[in-house]
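Asker: Quick one: structure below, then a few questions.
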Amino acid sequence: MTVNERLVVSGFMAVFDKAIERQDYEKASEILEAVELDDVNIEAILAQVLTR
């Protein structure tokens with residue numbers, strides 16, 4: 001399952017999008033942990049989306 005699919009199925013997509021809009025690394029990281037991503041993947045994803 002992709003990250004986006006995990007976020008949608010878990011109901012976290014809107015909350016994750018808002019965290020990214022606010023550049024809230026902590027909240028975004030918590031959400032990605034909740035959808036069972038490991039630390040390496042979380043860091044890689046946040047490095048991409050929080051520097052746009």
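Asker: Looking at region 35-49, which of its residues are surrounded by 14 or more Cβ atoms within 10 Å (Cβ to Cβ) and touching a Leu at 6+ places or on another chain (Cβ under 8 Å)?
Answerer: Passing the criteria: Val35, Ile42, Ile45, Leu46.
Asker: To continue, here is another question. Name the residues in region 1-34 that are closer than 16 Å to Leu50 by Cα, open to solvent by 60 Å² or more (accessible area, probe 1.4 Å), free of Cβ contacts under 8 Å to residues at least 12 places away in the same chain and assigned to a loop (DSSP other than H, G, I, E, B), would you?
Answerer: Arg22
The values are calculated or read from the model by the stated rules, or taken from the named source; none is laboratory data. Predicted model, so just to flag it, every value in this text is computed and none were measured. Quick reminder, even Gly has a Cβ in these numbers, built from the backbone with ideal geometry, and neighbours come from all protein chains shown. Side chains included, ligands, DNA and RNA excluded: accessible areas come from the protein's heavy atoms. Shrake-Rupley method; radii C 1.70, N 1.55, O 1.52, S 1.80 Å.
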